[in-house]
1. Is there any pair with a first residue in the stretch 211-237 that is within 14 Å of His398 (Cβ to Cβ) and away from the ligand (no atom under 12 Å from the Cβ) and a second that is in a helix (DSSP H, G or I) and basic (Lys, Arg) whose Cβ atoms are under 9 Å apart and which are 6 or more apart or on different chains, and what are they?
2. What do you reckon, is Tyr162 crowded, with 17+ Cβ neighbours inside 10 Å, within 16 Å of the ligand (Cβ to nearest atom), more than 22 Å from the chain's Cα centre (by Cα) and part of a strand (DSSP E or B)?
3. For the stretch 397-426, how many residues meet the condition of being farther than 23 Å from Ser53 by Cα and modelled with pLDDT under 95?
4. Only residues that are surrounded by 21 or more Cβ atoms within 10 Å (Cβ to Cβ), more than 14 Å from the ligand (Cβ to nearest atom) and closer than 23 Å to Thr63 by Cα: list them for the stretch 357-414, please.
5. With respect to Gly142, is the statement that it is over 24 Å from the mean Cα position of the chain (by Cα), touching a residue at least 60 places away in the same chain (Cβ under 8 Å) and farther than 19 Å from Asp265 by Cα true?
6. Looking at the stretch 335-358, which of its residues are in contact with a Leu (Cβ under 8 Å, 6 or more places away or on another chain), touching a residue at least 40 places away in the same chain (Cβ under 8 Å) and not in a loop (DSSP other than H, G, I, E, B)?
7. Among the residues of the stretch 3-50, write down those that are of a type outside the set (Val, Ile, Thr), under 20 Å from Asn412 (Cα atoms) and surrounded by fewer than 24 Cβ atoms within 10 Å (Cβ to Cβ).
8. Got a number for residues in the stretch 305-332 being assigned to a helix (DSSP H, G or I) and within 26 Å of the chain's Cα centre (by Cα)?
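The values are calculated or read from the model by the stated rules, or taken from the named source; none is laboratory data. Computed from a predicted structure; not experimentally measured. Please note: Cβ atoms are built from the backbone with ideal geometry, for glycine as well, and neighbour counts cover all protein chains shown.
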Amino acid sequence: MSNQIYDVVIIGGGVTGTALLYTLAKFTDLKRIALLEKYPGLAMVNSKATNNSQTIHCGDIETNYSLEKALKVQRTAGMLVRYGDQLAPADRDRIIYRFSKMVLGVGAEECEFLRQRYQDFKPHFVRMELLERSAIAELEPGVVNGRSPSEQIVALAIRNDYTAINYGALCQSFVEQAQSVLDKTIDLKLGVRVAAIEPVGANYQVVTDEQTLTAKFVVVSAGGHSLLFAHRMGFGLEYSCLPVAGNFYFTPQVLNGKVYTIQNDKLPFAAIHGDPDITAPGKTRFGPTALPLPLLERYSFKTFGEYLQVLRPDRAVASVLWNLLKEEDIRNYILKNIAFEVPLVNRRLFLQDARKIVPALQLEDLKFAHGIGGIRPQLIDKNARQLILGQAAIDPGHGIRFNVTPSPGATNCLGNAEQDTERIQAHLDCKFDRDRFEAELVGQPHWSLLEGA
Ligand SMILES: Cc1cc2nc3c(=O)[nH]c(=O)nc-3n(C[C@H](O)[C@H](O)[C@H](O)COP(=O)(O)OP(=O)(O)OC[C@H]3O[C@@H](n4cnc5c(N)ncnc54)[C@H](O)[C@@H]3O)c2cc1C
């Protein structure tokens with residue numbers, strides 16, 4: 001057993017955990033921090049570049065966000081771009097990418113919706129443009145070619161924006177930046193699985209397969225497993241979990257940038273989009289689908305048992321699931337997403353949705369992206385009897401905090417780290433240099449970086 005006491009131990013080497021490691025190392029006076037990750041590398045689960053949509057969600061083209069939510073994510077999304085912009089150009093260009101992005105309205109109702117949204121959002125998103133058919137064709141010919149001239153289309157677009165990101169490379173960069181801070185112990189322990197967390201006096205013992213670490217504060221940023229750790233310690237019992245997997249399809253390159261579609265208000269998950277895959281040049285990726293799957297980690301079937309432990313079924317959970325299923329649109333949507341998995345019909349069905357974006361797509365263009373995609377651990381709030389669509393933190397206030405981070409959790413990683421750091425500061429009475437944090441990461445809105453780009 002190690003007798004060294006860490007100020008903070010972070011569990012989970014995805015983008016949430018590594019953003020916190022970076023923030024604590026750079027902006028606090030804490031001297032001893034460890035990050036434990038069960039896999040031999042960072043970002044092997046949802047933060048892996050291939051396993052998410054690679055989008056910096058700014059709130060401008062996400063029609064499932066209200067203006068209030070959009071302004072919130074705009075701030076934290078801007079932090080990612082500010083972070084990237086301070087790196088050496090070669091490092092920055094491996095992490096954040098510029099493309100155009102748009103949300104496409106198809107049909108009279110959706111077009112009217114976007115025109116109205118433009119009026120509301122334009123004052124806050126100054127680079128936003130309302131594009132009619134010919135301007136869309138200039139930016140994204142694939143969206144217009146082969147589309148019936150009688151079908152109305154309009155788009156809200158932002159050109160040449162930092163809109164795509166390799167979250168896996170970002171994790172690596174966060175750790176490198178943290179380890180470059182002098183006079184601190186920053187221990188990265190890969191391939192170390194945490195088995196239990198036990199309170200001992202005012203501290204916690206973090207028990208791994210190999211050793212036991214003692215920490216004054218523990219932050220669990222282990223995706224869906226954060227809920228499992230919380231439940232095992234008797235916290236967050238008011239939450240259950242609905243894991244929703246997201247799969248993708250590849251096509252040859254048919255889009256230049258990101259093209260999102262409008263969310264049906266009744267559906268709890270974003271509609272599919274198409275965009276260039278930054279890890280597969282020359283290809284366009286469509287998705288993600290939204291498939292309820294009883295696993296805490298995609299492709300890890302041994303997490304089925306762990307999922308059963310966090311499910312904690314009771315009347316409240318049944319009522320939330322029933323309310324989802326009894327809504328016709330949601331029921332059909334879930335059934336369609338299940339059918340996306342059924343051989344022979346899956347590609348044909350998916351093609352119908354993808355053609356809303358690129359009408360000329362052919363069946364032979366679509367290839368299922370095997371081994372790619374992740375799971376969004378959506379929380380069910382049993383007290384409120386509702387599905388929580390964003391991320392959540394379980395914070396019992398005892399020097400421990402659990403982050404559960406479905407989308408847009410990766411975009412929010414630095415905002416999350418800021419909140420975790422505030423809680424750690426309050427508990428450990430350490431110094432958090434908020435002025436420098438704000439100056440380096442918040443500052444001006446990120447689009448000003450693009451002037452003249
Ligand atoms: C299909 C899909 C598309 C998405 N698209 C976007 C997007 O475009 N933009 C966006 O902002 N967000 C997106 N998200 C959400 C985003 O991927 C997540 O919010 C983000 O990756 C969560 O990061 P994390 O570090 O909290 O979790 P993860 O990346 O899952 O990391 C958790 C880590 O904890 C480790 N761990 C678990 N248990 C233990 C243990 N016992 N001991 C040690 N380590 C452990 C795991 O191995 C893992 O490395 C998407 C998600 C999905 C599934």
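1. From the stretch 211-237, the pairs are Phe217/Arg423.
2. Working: crowded, with 17+ Cβ neighbours inside 10 Å: yes; within 16 Å of the ligand (Cβ to nearest atom): yes; more than 22 Å from the chain's Cα centre (by Cα): no; part of a strand (DSSP E or B): yes.
Criteria not met by Tyr162.
3. 2
4. Ile357, Val358, Ile380
5. Against the criterion (over 24 Å from the mean Cα position of the chain (by Cα), touching a residue at least 60 places away in the same chain (Cβ under 8 Å) and farther than 19 Å from Asp265 by Cα), Gly142 qualifies.
6. Answer for the stretch 335-358, where residues must be in contact with a Leu (Cβ under 8 Å, 6 or more places away or on another chain), touching a residue at least 40 places away in the same chain (Cβ under 8 Å) and not in a loop (DSSP other than H, G, I, E, B): Asn337, Ile338, Arg347, Phe350, Ala354.
7. Ala25, Lys26, Phe27, Met44, Lys48, Ala49
8. Count: 17.
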